[in-house]
Every structure is written in structure tokens, then in C-alpha cells.
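The values are calculated or read from the model by the stated rules, or taken from the named source; none is laboratory data. Source: prediction; values computed, not measured. Cβ placement follows ideal geometry from the backbone for every residue including glycine, while neighbour counts extend to all protein chains displayed.
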Amino acid sequence: MPPLMAAGGQRVPDSTALRALAFAWGFCAFLPIGVMYLSLLLMLAGLAFAPALGRRLARLPRSTVFWPMVLMLAWSVLAALAGPWTEHTPTRLFHLTRVVLVVSMGMLLEPREARAGLAGFLTAALVAALVLAVHRVWPLPPWAIWASLLTSRNNFSSGNMISMALASGICLYLALSTWPSRQQRWWVLAAAMVLAVTVALHAVSRNALLLLVLLAPVALCCRYRSWRAFGAGALAVTAVAGAMWQFAPTTKARFLELAANLQAAASGTHYGTSGGLRWRMFQEAFQGMLEHPWLGTGVGTWLPHWRTTWMAMDVDLDAETKRLFSEINNPHNDFLLAGMETGIAGLLLLAWVLWRFARLGWRQQSAPGNITVLMAVSLFVTCLVNAPLRDAALGMTLLWLLGVSVAAHRGAPHA
């Protein structure tokens, strides 16, 4: 594919080095967080010496999704300046700035470079599934390179399964599209099924399991864009959820556990569980937003508030576990975190940013555009039950891939 034409008729050449770096970052999606940060630094260096960097940068302000991100960041800075300044405020501002930076880095790529990044991500998902399959037959040593993939250890383990569920949804969409040949579509569909089964059998993350169910109808709607597709999507949700409930005991146990946790927490009797803890954090963040609806409680105020609130509660936990739970630096909901710290406007701005990405992708009516929709939906769902914007282990590569997906369909009328 020839390079795109920039403003004024000048060609914007792509870069072999950037294609390699993009593929490498996508391939590192399931590797330790340190490797991801190394990928970020290498990509920054690659972009600094990229062909036509000035024209790449000049393109950003013309994107319909760039200024919503900037406005979200500007509002957070305003809330930080207007509210109390805590020891955590600089860290929160850094994470919010990182969101805009990482997404913009993805958008700076040329289409061929962007497709290399997406190819690296899908390849990594299949390699990760292969590692898990081998581990079931022949236990692998607990090396750091795949330790978070083999066992549920931290947020990065959840991020691995979330990423794999997303990769499954993308492969399903590609299998339904007219992009590959008929024979290739069968291979891509097989890849989607392999990734879906891997998530269903191995994921402890309810976020990943939820995505696995929801992305199937989204893929169908993106491909066929009709009420029939919506109905087929509803049937797909029912079928996938039923199969997971029946044949994946871990899935069934996790959701039954969540229901019991929430019932105990709602009655005010027990918060010392995964579901109960989240319920209590949701309550605190929501209450903080209601009490400070305009500019919030202040950027970086969540953790000091949560420490005080949690340690004052009478919870049936040992002292060390209770102390560890008091150090959770987000309420496992990016919308409520934004709402509490920056007010209702902050929450709405975050929702608007993700909506703009989904709308941009939907209007492209192309394979790369529909991948943008799948990415935006995945981030929206993840923001409801986790903090991908706050936690780099969960969201940094997903945010970069969101920008990459936009770059892959650049040149369309609404890009």
C-alpha cells in the first residue's frame, strides 16, 4: 500500500524501523510491565527520528478524538489546581498525561506501521494461549517472563486475560469480514475460538469473562449493521454465556462468589471479600462525587480518603490484610475515580472520550474502524470494573492499541 498523502499533496512515508517497533510493542502485550515501558521508550525514540515527524504531529489536532482527550486532561489539571494538593496528586496527573501521550503515540503511526502493531498483538495472544496450553500438559518453570500469565498474581494477570478476550473478539470480527480469503477466514475463526476457550478455562478476571461474552455481539453488529445482527448478537451472548456457565467451572464459581459477596456487602454485614470490597469502594467514590459535584474532592485524594475510611471500619480481617486493602489506589472504576476527584464533568468527559473513539470507528465502516469500536467498547467495560487509565499494567498497551487502531484507518473521511 503506498504512503498516504499529507496536506499539500506531500507523501508521508512510513518507516521500516517503526513497523518493527510497533510489532514488538504489540507482541509485548503479555510480557512484564517493565518490557512495556521499554517498548514505550523505544517507540518514543523511533517517533523522534521518524520520517515526516512534523507532518505526523500536525495531523493530531485534526483528529476528532484528540481534543476531547486534551480537554479531559485540562479539566483534571484545573481540578488539581482548584482542590487540595496531596502527595498523590503528581502521580495522578502523570497517569492522566500518560493516557493522552500513549494514545497519541499510536495515532502518530502510518497505516502500515499501525497494522504491524495490531498484528504483533494478535500474534502475542496466540503465543500466550500456546504457553498456557503447554503449561496444562507440561508445567513450565515460574519464570518472570510468563509468571503472571500462568498464575493469577496481580493486576497484570487480569490484564493478560482482558487482552486475550479482546484479541478473541477482533479475530471473530475478522473471520466474519470479507478481508481474508475463505480459507484464511476459517483459520482466523479457529484462532478466535482458541483464544475464547483459553480465557474461559483460565481467566480468574471477571472483567475478561464479561468481555468475552459482550464482544461477540459487538463484532456481529459491526460486521452486519442491522437489527438481525443485533438479534444474532443477543443469541450469541446467550450461547456463549451458557457454554461458559456449563463447561467452565472456574467461571461459574467466580460469578457465584461475586453474587454472594455483593449480597453480604449490600446487607452491611461483610466487606472483606473481593466483591464486598469493590462495593464499598464504589459507594465511597460515588458519595464523594455527590458531595463535590463541580470540581470533585481533588486529584489524588482517593487514597488518603480510602485509607482513613477503610481503617476505621470494623471488618472481619486480620490486621495485615486489612492494611493491604487500605492501600488500594483506585476504586476499581475509572468513571467513579474521575467523578470523585474531578467532579461530574470529569466523569462525563471520560465517557465522552471513549464514545468519540467508538463513534469514529463506527463511521469508518471498515475493518480497522470496527476494530476501533471493539477497542473502545473493551476499554469502556474495563473502566466500569477496573482502572485501566490509572493502572499501567491493565491499560497501557490497550490505550496504545486504541490509538494504533485509529491510525490503521487514517485517510477515511472522518479520521
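Counting only residues that are surrounded by 16 or more Cβ atoms within 10 Å (Cβ to Cβ), give me the helices (runs of 4 or more DSSP H) lying completely in region 281-369 with at least 3 of them.
Output list reads 302-312, 334-364.
Restricting to region 148-186, give me the number of residues that are assigned to a helix (DSSP H, G or I) and either free of Cβ contacts under 8 Å to residues at least 24 places away in the same chain or exposed (fewer than 15 other Cβ atoms within 10 Å of the Cβ) (or both).
7
Given the structure, is T16 hydroxyl-bearing (S, T, Y) and at pLDDT 95 or above?
Considered against the rule, which asks whether it is hydroxyl-bearing (S, T, Y) and at pLDDT 95 or above, T16 comes out as no.
Going by the structure shown, is A114 touching a Pro at 6+ places or on another chain (Cβ under 9 Å) and surrounded by 23 or more Cβ atoms within 10 Å (Cβ to Cβ)?
Answer is yes for this residue.
For region 79-119, which residues satisfy the criterion of being touching a His at 6+ places or on another chain (Cβ under 9 Å) and of a type outside the set (G, A, S)?
Residue satisfying the conditions is P111 alone.
Among the residues of region 303-315, which ones are free of Cβ contacts under 8 Å to residues at least 60 places away in the same chain and under 31 Å from the mean Cα position of the chain (by Cα)?
Matches in region 303-315: H305, W306, R307, T308, T309, W310, M311.
Would you say A165 is under 17 Å from L211 (Cα atoms), touching a helix residue (DSSP H, G or I) at 6+ places or on another chain (Cβ under 9 Å) and aliphatic (A, V, I, L, M)?
Judged against the criteria, A165 is a match.
Is there a residue in region 45-54 that is among the aliphatic types (A, V, I, L, M), modelled with pLDDT of 90 or more, surrounded by 14 or more Cβ atoms within 10 Å (Cβ to Cβ) and within 26 Å of L126 (Cβ to Cβ)?
no
Filter region 187-232 for residues that are under 11 Å from L172 (Cβ atoms) and of a type outside the set (A, V, I, L, M); which is surrounded by the fewest Cβ atoms within 10 Å (Cβ to Cβ)?
So the residue we want is R223.
State which residue is surrounded by the most Cβ atoms within 10 Å (Cβ to Cβ) when the search covers only region 239-278 and only residues that are under 24 Å from the mean Cα position of the chain (by Cα) and polar (S, T, N, Q).
T251
Suppose we filter A312, A319, A264 for residues that are more than 20 Å from A387 (Cα to Cα) and not assigned by TED's automatic domain parsing to the domain that holds P84; which single one remains?
Selected residue: A264, the only one of A312, A319, A264 that is more than 20 Å from A387 (Cα to Cα) and not assigned by TED's automatic domain parsing to the domain that holds P84.
Which members of region 19-37 meet the condition of being at pLDDT below 95 and either assigned to a loop (DSSP other than H, G, I, E, B) or farther than 16 Å from S163 by Cβ (or both)?
Listed by number, the residues that qualify are L31, P32, G34, Y37.
If I filter region 189-207 down to residues being within 18 Å of the chain's Cα centre (by Cα) and modelled with pLDDT under 95, which single residue comes out as nearest to V381 (Cα to Cα)?
Selected residue: N207.
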